[in-house]
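Student: First the structure, then my questions, so here it is.
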Ligand code: G6P
């Protein structure tokens, strides 16, 4: 019997030490839920970084705990975390892939560690994998892994999905190790992205950098065919829908209503990242208050920023910039009984998020670049009363599907300002009609649908390839 092996940089659990004992905290993330139907079955397994720097002496205890959940850890030491994770993944690839090329660092040592850590993942995969297994690798931290596994297990089925954008060739070509990265990815049988634009950009980079041929969305390389396609990722929509009716969430909403009464809430939720357009969003909100004094005490922004990658200078700088701008806006407009912005720099349990999503009148999602953006979909799945307005950046992959949102260019302050005013003034019937359509899309094309179409296509391309070779 063949098994399925999922590989990603992080495991779908958080490991924390409490009272001298390691505890596993299950991730609420969509990927963890969607792939749960796969890795939890039989001999299937999910391989990934345990997410913290573990003492050598504790590794056996953690490995055992994880094994019971069909999880298999890769341990990274502090130099690997610094050079592979913070360095090459998040100071080289992340800024280039999000069109922030001036932030990118091209350090040889980062590249050396990126290769050696991809090798480390390969070793763990090869301890488990057998010919005939299906291996599904995720995201930009592991671009070299498909080819490394292909060399060791030439006939195995390898799928790769990239969760962040793939940039245009003009950006991608800046990376000194661009050919090696493409060769790494092309070890796969199927490469998936969220949008057709990403597919187009990848294929164009591959044909310009490497001596390969293409036919439609298939790349021919070394007598192998690699299919490149778009699979827009969904969320666990039913979970977000159903949560809004639970006692815990109803209580959360009740507390909000008591504190803020009928103030209109503009919601903003992100991981701390310069790709998310948080500053631009704040500037647009500032303009709304400065040009419409009637809104004072009638609207407020609830902004959650989840701490992330705080060893990287640009993330620390961004946090300081947000602190300053929020302080500035609050000090200029606040009244004794009202705050324009309620800003939280921490993470919250899913029940709190659900309460906020379902109470929020507007959700403002304005990334400068985003592979998909799942917050926009979580908001829609939580609007069971079919009201609420989504304002969404055209730079998010989700904007290709969520066309009933108010779509904005986050670089256009005037357009963002007008979108917020339009959302605040939108007639109830229009809100409902837009939200009904949005909900149809999000509820139907959920995470389970995404997993199924990727896995079905992976099986199909492999069968096709087998019969081609048999001829
Ligand atoms: C993005 C990436 C993921 C990553 C996540 C959190 O969504 O696509 O691969 O896991 O950000 O970032 P972190 O660096 O904390 O893993």
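Student: Want the number for residue 101 to residue 40: 0.36 nm per residue separation, take away the alpha-carbon distance, what's left?
Tutor: Going from the current span to full extension adds 18.0 nm.
Student: Still on this model: Determine the distance separating the Cα centre of the range 70-144 from the Cα centre of the range 217-289; give it in Å without decimals.
Tutor: The two parts, judged by their Cα centres, are 26 Å apart.
Student: Using Cα pairs closer than 8 Å and at least 6 residues apart in sequence, work out the relative contact order for the range 114-190, in percent.
Tutor: With pairs under 8 Å counted, the relative contact order is 36 percent.
Student: Please report the antiparallel percentage of the DSSP beta bridges confined to the chain, to the nearest 5.
Tutor: So the antiparallel bridges in the chain amount to around 25 percent.
Student: A further question on this structure: Which length gain, in nm to one decimal place, applies between residue 216 and residue 25 when the Cα-Cα distance is subtracted from 0.36 nm times their residue separation?
Tutor: 64.4 nm
Student: Considering Cα pairs under 8 angstrom that are at least six residues apart, work out the relative contact order of the range 7-160 and quote it in whole percent.
Tutor: Once divided by the residue count of the range 7-160, the mean separation gives 21 percent.
Student: Next up: Need one number: nm distance between label points at residue 247 and residue 224, each 7 Å from Cα along Cα→Cβ, rounded to one decimal.
Tutor: 5.4
Student: Give me the percent relative contact order of the chain, please, defined on Cα pairs under 8 angstrom at least 6 residues apart.
Tutor: Averaging sequence separation for qualifying contacts and normalising by length gives 14 percent for the chain.
Student: Further question on the same structure: Describe numerically, in nm with one decimal, the distance between label points set 7 Å from Cα along Cα→Cβ at residue 112 and at residue 387.
Tutor: Calculated label separation equals 6.1 nm.
Student: In addition: Mind giving me the FRET efficiency for residue 119 and residue 335? R0 is 60 Å, r the Cβ-Cβ distance, nearest 0.05 is fine.
Tutor: For residue 119 and residue 335, the calculated efficiency is 0.50.
Student: Which of 136, 111 has the fewest other C-beta atoms within 10 Å, and how do the rest follow up to the most?
Tutor: Ordered from fewest to most neighbouring Cβ atoms within 10 Å, 136, 111 come out as 111, 136.
Student: Cβ neighbours within 10 Å, averaged per peptide: list 183-192, 148-157, 426-435 in order, most packed at the top.
Tutor: So the peptides 183-192, 148-157, 426-435, ranked by packing, come out 183-192, 148-157, 426-435.
Student: For residue 471 and residue 347, FRET efficiency with R0 = 56 Å and r from the beta-carbon atoms, rounded to 0.05?
Tutor: 0.55
Student: For the peptides 96-106, 54-64, 313-323, what is the packing order when you average, over each peptide's residues, the other Cβ atoms within 10 Å and list the highest mean first?
Tutor: Going by the mean number of other Cβ atoms within 10 Å, highest first, we get 96-106, 313-323, 54-64.
Student: Based on alpha-carbon centroids, what's the gap between the range 352-429 and the range 1-56 in Å, whole number please?
Tutor: Going from one Cα centre to the other spans 31 Å.
Student: Multiply the residue separation of residue 52 and residue 170 by 0.36 nm, subtract the distance between their alpha-carbon atoms, and state the gained length in nm to one decimal.
Tutor: Separation in residues times 0.36 nm, less the Cα-Cα distance, equals 38.9 nm.
Student: For the pair residue 151/residue 127, report the inter-label distance in nm, with labels modelled 7 Å from Cα in the Cβ direction.
Tutor: In this crude label model, residue 151 to residue 127 measures out at 2.1 nm.
Student: Taking square-rooted eigenvalues a ≥ b ≥ c of the alpha carbon gyration tensor, is the range 153-199 rounded, prolate or oblate, where a/c under 1.5 means rounded and, failing that, a/b exceeding b/c means prolate?
Tutor: Oblate, since a/c reaches 1.5 and b/c is not below a/b.
We did not get these values from a lab; they are worked out from the coordinates using the rules stated. Quick caveat: nothing in here was measured; it's all calculated off a predicted structure. As a convention, Cβ positions derive from the backbone with ideal geometry for all residues, glycine included, and neighbour counts pool all protein chains shown.
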